[in-house]
Amino acid sequence: MKTGLIQVYTGNGKGKTTASIGLAIRACGQKLKVCYTSFGKNPGKWGCGEHKILKHLGIDTFCFTQEHPHFHKSLTKAELKNRHSKCLKDLIILLRKKKYDLLILDEINNAIFNGYIEEKEVLNFLNTKPKNLEVVLTGRGASKNIIKKADLVSEIKKIKHPYDKGIYARKGIEF
Ligand code: ATP
Ligand code: MG
C-alpha cells in the first residue's frame with residue numbers, strides 16, 4: 001500500500017469493534033500485515049472470541065491496559081494515564097521494528113474521552129506514523145480533533161440495542 005489513511009469508527013450503536021475485526025480479516029486475506037490492539041479489555045478474563053481468531057490467523061494481537069477502570073476502581077486516573085502513555089510508546093517502538101500495513105486501536109476513543117490518554121499524544125502518534133500504515137481508531141465519543149485528522153469517519157447510531165431490554169453481553173455475539 002502507498003499511503004495509509006486514518007479511519008474512525010465511533011457512535012453509540014453496536015458494530016465498531018466488529019467492523020474493525022472485519023477489516024483486519026479482509027486485510028489479512030490480501031496478505032497485508034496487521035496489528036490489532038485493544039485498550040481496556042481483558043480477554044484473559046472474559047475470553048473475547050475475536051482475539052483468539054485473530055491470533056489464529058497470524059495477526060499480531062495485543063491487549064493494552066487490560067484493567068478496565070470500571071472493574072478496577074482502585075486504579076487512579078494518574079496511574080491509568082501512565083499505563084496508557086507507556087502502551088503508546090511501546091507501540092511506536094513496535095511499529096519501527098515490524099512493517100505493518102494496518103493497525104487497529106480498538107476502544108482508544110473511549111480512553112481519550114475518559115481522560116486515560118491525552119488526545120495530543122494520540123494526535124502526535126498519528127502525525128508521526130509510518131506513511132504506508134492504515135490506522136483504525138474505534139470507540140464511542142471520538143474527539144473533534146481526531147475526527148478532523150481522520151480521512152474516514154463512520155458513526156454507528158443506535159436505533160435499538162437488546163441491552164435496553166435487559167439482554168446483556170452474549171458469548172460469541174458481544175465478546
Ligand atoms: P461490538 O464489539 O459488538 O462491535 P461496539 O464495539 O460497537 O460493539 P462498544 O461501544 O465497544 O460497542 O461497547 C461494548 C459492548 O457494549 C459491546 O458488547 C456492544 O455490543 C455493547 N453495546 C454496543 N452498543 C450498545 C448500546 N447502545 N447499549 C448497550 N450496549 C451496547
Ligand atoms: Mg467496541
- Ordering 127-133, 86-92, 114-120 by per-residue average of other C-beta atoms within 10 angstrom, highest first, gives 114-120, 86-92, 127-133
- Picking from TYR163, GLN7, THR76, whose Cα lies most toward the positive end of the charge dipole for the chain (charges on Cβ: Lys, Arg +1; Asp, Glu -1)? GLN7
- Please state the charge dipole magnitude for the chain, taken about the Cα centre, from unit charges on C-beta atoms (+1 on K and R, -1 on D and E), reported in debye and rounded to the nearest 20. 160 debye
- Charges only on Cβ, +1 for Lys and Arg, -1 for Asp and Glu: so what's the dipole of the stretch 79-175 about the Cα centre, in debye to the nearest 20? 100 debye
- Within 10 Å, count the other beta carbons around each residue, average over each peptide in 52-62, 164-174, and list them highest first. 52-62, 164-174
- Note on the structure: Measuring from its Cα centre, the stretch 115-161 shows a charge dipole (+1 at each Lys and Arg Cβ, -1 at each Asp and Glu Cβ) which, in debye to the nearest 20, is 240 debye
- Item | Leading residue at positive end of dipole, the chain (Cβ point charges), from ILE104, PHE39, GLY22 | GLY22
- When N counts the residues of the stretch 1-43, how does its alpha-carbon radius of gyration compare numerically with 2.2 N^0.38 Å, as a ratio? 1.30
- Under the rule of -39500 (n - 2.57) per DSSP H run of 4 or more residues, summed and divided by the residues of the chain, what mean residue ellipticity at 222 nm is obtained, to the nearest 500 deg cm²/dmol? -11500 deg cm²/dmol
- Note on the structure: Taking only C-alpha positions in the chain, Rg and Dmax in angstrom work out to 15.6, 47
- Values of log10 I(q)/I(0), in the order q = 0.10, 0.14 Å⁻¹, for the stretch 71-170 under a Debye, Cα-only, solvent-free model: -0.35, -0.65
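Read the figures in this text as sums done on the coordinates, not as results from a lab. Predicted model, so just to flag it, every value in this text is computed and none were measured. Cβ sites come from the backbone with ideal geometry, for glycine too, and all protein chains shown count toward neighbours.
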